[in-house]
Amino acid sequence: EHVTAADAGADDRAVEAALRPRTLDEVIGQTRVREQLGLVLEAARQRGRTSDHVLLSGPPGLGKTTLAMIISAEMGAPLRITSGPAITHAGDLASILSGLNEGDVLFVDEIHRMSRPAEEMLYLAMEDFRVDVVIGKGPGATSIPLELPPFTLVGATTRAGLLPGPLRDRFGFTAHLEFYEADELELIVRRSAGLLDVAFTDGGAAEIASRSRGTPRIANRLLRRVRDFSQVRADGVVTHEIASQALDLYEVDPLGLDRLDRGVLDALVRRFGGGPVGISTLAVAVGEERETVEEVAEPFLVRNGFLARTPRGRVATPAAWRHLGLTPPAGVGA
Ligand code: ADP
């Protein structure tokens, strides 16, 4: 709390926390989500009730955790944070839920990774503010109903489609976060540069924004790497030229594709002739988990027209071939 962005120093996690917007008004971009969520919260406040449960979906780094923190701040309610992978047994969830106080905001990151029994417990908790705690095992087991105080669940997931329908349906408000436009990212870079005390020119901020892969977390990270570069190799001012040299050094290409993005395109084009190829095969070829390729690399590649999902598998578009400096074979994208 007392760490300012400028003195958080080399600790990237501390810097990231210090750069988070604290109110809905400070959030840049996501105009529609901001307005919709603002209404949900304001209405709940006026009625003196806890807010409906909120589901936030979208690729990593677009602001899901930030929004969860803002919901808790705007409701003046404490935030509890956990994640799907941390909830392996229904009992883990039961103990978190039974520790909640009225009005608390419970943030469950990667909610699609919760175990099935925990999911089922969560349905009931969300709808009736009740859990059934099972005591004992086998035929002698009994279940004891436990009343919960009203709370707000904020779930985050990379893709809402990964959640079972019954869980999805229990959220009163669902928002999908989209990749940010370059002008929005530029505002984010300027704001962060101000907080970090980094001197920059308009061209410098724009160059970082345009290579940030539509993602605020990446924009903030690239800003820090460019700041290092400008401090060590130049006079400390982030200009267009300095940003572009630094980002070349860090292997972020002019369209913002990083090593994983390029690795996926490279495998697709050079090893599989442009596809179609199944996502699992593609993931093995780049040495990554299927989920990472599907939830981190793919949304950006699809959104920017480099990759298409077809019923027979993933296909490289002509733009992908050209981006790798190759000529698309006749027939591709025709
Ligand atoms: P997610 O939970 O979706 O992975 P986060 O909420 O952790 O993403 O956001 C990553 C970083 O990006 C945060 O440190 C925050 O500073 C920044 N950020 C995200 N969204 C915005 C936004 N709309 N405006 C300004 N900064 C943002």
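Which whole-number percent is the relative contact order of the chain (Cα, under 8 Å, 6+ apart)?
Contact order relative to length: 15 percent.
For Arg225 and Arg271, calculate 0.36 nm times their separation in residues minus their Cα-Cα distance, and state this gained length in nm to one decimal.
So the chain would gain 13.3 nm between Arg225 and Arg271.
Which FRET efficiency value, to the nearest 0.05, do you get for Arg32 and Asp202 by plugging their Cβ-Cβ distance into 1/(1 + (r/R0)^6) with R0 = 30 Å?
0.60
From zero outward in steps of 10 Å, how is the percent of C-alpha pairs of the range 1-120 spread across the bins?
Histogramming the range 1-120 at 10 Å steps yields 12, 37, 36, 15, 1 percent.
For Ser83, what residues show an amide H to amide H distance below 5 Å, using hydrogens built from the backbone and excluding near sequence neighbours?
Placed amide hydrogens put Asp109 under 5 Å from Ser83.
For the range 132-257, report the % of Cα-Cα distances exceeding 21 Å.
Every Cα pair in the range 132-257 considered, those over 21 Å come to 56 percent.
Taking amide H positions as placed in the peptide plane 1.01 Å from N, state which residues far from Val133 in sequence (5 or more) or on other chains have amide H under 5 Å from it.
When sequence neighbours closer than 5 places are left aside, the close amide H contacts are Ile144, Leu146.
Can you list residues whose amide H is under 5 Å from Thr174's amide H, if they're 5+ apart or on another chain and H is modeled 1.01 Å from N?
When sequence neighbours closer than 5 places are left aside, the close amide H contacts are Leu55.
Restricting things to alpha carbons, tell me how big the range 157-213 is in terms of Rg and Dmax, in Å.
Values for the range 157-213 (Cα only, Rg and Dmax): 17.1, 50 Å.
Output the peptides 241-253, 257-269 sorted from most to least packed, where packing is the average of other Cβ atoms within 10 Å over each peptide's residues.
Put in order of decreasing packing, that is 257-269, 241-253.
Quick one: work out Rg over Rh on the C-alpha atoms of the range 256-313, Rh as Kirkwood radius.
Radius of gyration over Kirkwood radius for the range 256-313 works out to 0.90.
For the chain, just the Cα set please: Rg and Dmax, both in angstrom.
My reading of the Cα-based Rg and Dmax gives 22.6, 74 Å.
Describe numerically, in nm with one decimal, the distance between label points set 7 Å from Cα along Cα→Cβ at Gln245 and at Ser98.
So the two model labels end up 6.2 nm from each other.
Bear in mind that the values in this text are calculations on the coordinates, not laboratory data. Owing to the predicted nature of the structure, the values given are computational and were not obtained by experimental measurement. Ideal geometry is used to build each Cβ from the backbone, glycine not excepted, and the neighbour counts take in all protein chains shown.
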